[in-house]
Amino acid sequence: MKALVKAAKGEGNIEVRDVPAPKIKNHDDVLIRISAAGVCGTDLHIYHDEFPYWPPVVLGHEFSGLVTETGNGVTRFKLGDRVVAEPHTHFCGKCYLCRSGNIQLCQEKRSPGWGIDGAFAEFIVMPELFLHRIPDILSDEIAALAEPMAIVVTGVLERGKSCPGDTVVIVGAGPIALLSVAAVKAAGAKEIFVLGTNADEEQRFPAAKSLGADRIINVMNTDASAAILEETRGVGADHVIEASGSAAGVNTAVEAAKKCGRITVLGLPGEEKIPVPWGDMVKKALDISFCFSSSVSSWERAISILSSSPGNFNALISHRAKIDDWKKVFTDIETGKAIKVLFVPERIK
Ligand SMILES: [Zn+2]
Ligand SMILES: [Zn+2]
């Protein structure tokens, strides 16, 4: 089968290869034919050698698919079921993180797409344990957003304790920021601000609007902190979601939060160290929570949010592409010409 492979360590080193299709090895394995697979910022970090990976490895960790074969111990899924999968493969089950329900942070974890072969291919094998059924109302394409949505649910709802009536500021306008709009809306936010740059004007700002953002601020032509203070009568936001991963974004998040407010950090920075206004954070008595990967408990809730108004999420999917076009896709994401790109495998009709 054709697959997009990170072939070796270093910058670049990505190529389309013909690789053997994966096979069922364990009694609880499920063979899944990929329906759609989302390209993520993490894939770009792997391209630039800024995220751990074990080459040669098939990229891709956000996907939906169809069950095509099951191991003899599989009891909850059958041929033809449509599924998504938590990417928490190889957790040890023994460490304090696994024992406390945080398998997503286990040291032994090797997710599909960087630790083991992933979803930018025709097939993937996953243990039954990680699978979730796709409701009929959800298309394969929107279902492929389940993994990033689960991250948002973990960060914004579970750790960030999003509340009904919150005034929320979302810093950034990429896919995670846009899914955050939907999550805080579902949690009953009163008013949602989304902050972005000129690169977000064409596609991402309109998508933010269609997902429920009330006010869009381009930080390149508006003083975002001043505008938020003005709109909140000098108080600031109840909840700020930092989804840019940038130094400027982190500082804006602190400025926008009210005293005793909450900041949830979802943005993945690059290698550089980000200076933070520590004194202001202390004086504001902020509650800050960080989030990395998705909790087990977030997945069904993520699927429910996607299912509550699936049509709204079409605005996020800017491109459907073949893996042969990966180079253009990566460039379009990096230059803001794309929001979420899905690789849709070619089928022999
Ligand atoms: Zn991802
Ligand atoms: Zn563990």
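Sum -39500 (n - 2.57) across every DSSP H segment of at least 4 residues in the chain, then divide by the residue count to get the 222 nm mean residue ellipticity, nearest 500.
-6500 deg cm²/dmol
Return the distance in nm (one decimal) between the two label points of a simple spin-label model at Ala248 and Ser309, each offset 7 Å from Cα along Cα→Cβ.
Placing both labels 7 Å beyond Cα along the Cβ direction yields 3.0 nm.
Only loop residues by DSSP count here, and only those with at most 12 other Cβ atoms within 10 Å; note down the GluC sites (Glu not before Pro) in region 284-349 that meet that.
Here the GluC sites (Glu not before Pro) that fit, given the DSSP loop and packing criteria, are Glu346.
For q = 0.10, 0.13 Å⁻¹, what log10 I(q)/I(0) does the chain give under the Debye formula with an equal point scatterer on each alpha carbon and no solvent?
Relative scattering, expressed as log10 I(q)/I(0), comes to -0.59, -0.99.
Greater than 20 Å separation of Cα atoms is the criterion. Which listed pairs, Lys185/Lys209; Lys161/Lys258; Lys190/Lys284; Lys161/Lys190; Lys209/Lys337, meet it?
Lys190/Lys284
Take peptides 248-258, 145-155 and line them up by average Cβ neighbours within 10 Å, highest first, as a rough protection proxy.
145-155, 248-258
In terms of the Cα gyration tensor, with a ≥ b ≥ c the square roots of its eigenvalues, is region 1-157 rounded because a/c is under 1.5, prolate because a/b exceeds b/c, or oblate?
Note, shape of region 1-157 comes out rounded.
Compute the length gained on full extension between Glu69 and Lys23: take 0.36 nm times their separation in residues and subtract their Cα-Cα distance, giving the result in nm to one decimal.
15.6 nm
What list of ³J(HN,Hα) values in whole Hz, one per residue of region 20-36 in order, does the Karplus curve 6.51 cos²θ - 1.76 cosθ + 1.60 (θ = phi - 60°) give from phi, with Gly and Pro shown as x?
Values, residue by residue: x, 5, x, 10, 5, 10, 10, 5, 9, 7, 10, 8, 10, 8, 5, 9, 7 Hz.
So, in Å, what gap is there between the alpha-carbon centers of region 1-68 and region 136-184?
So the separation of the two Cα centres works out to 24 Å.
Please give me, ordered by residue number, the trypsin sites (Lys or Arg not before Pro) of region 1-102 that lie in loop per DSSP and have at most 10 other Cβ atoms within 10 Å.
Lys9, Lys23, Lys25, Lys78, Lys94
Using alpha carbons only, how many angstrom separate the centre of region 226-274 from the centre of region 87-102?
31
All of the numbers you see were taken from the coordinates with simple rules; none came from a lab. Remember, it's a predicted structure, so these values are computed and weren't measured experimentally. Using ideal geometry, Cβ is built from the backbone for each residue, glycine included, and neighbour counts are taken over all protein chains shown.
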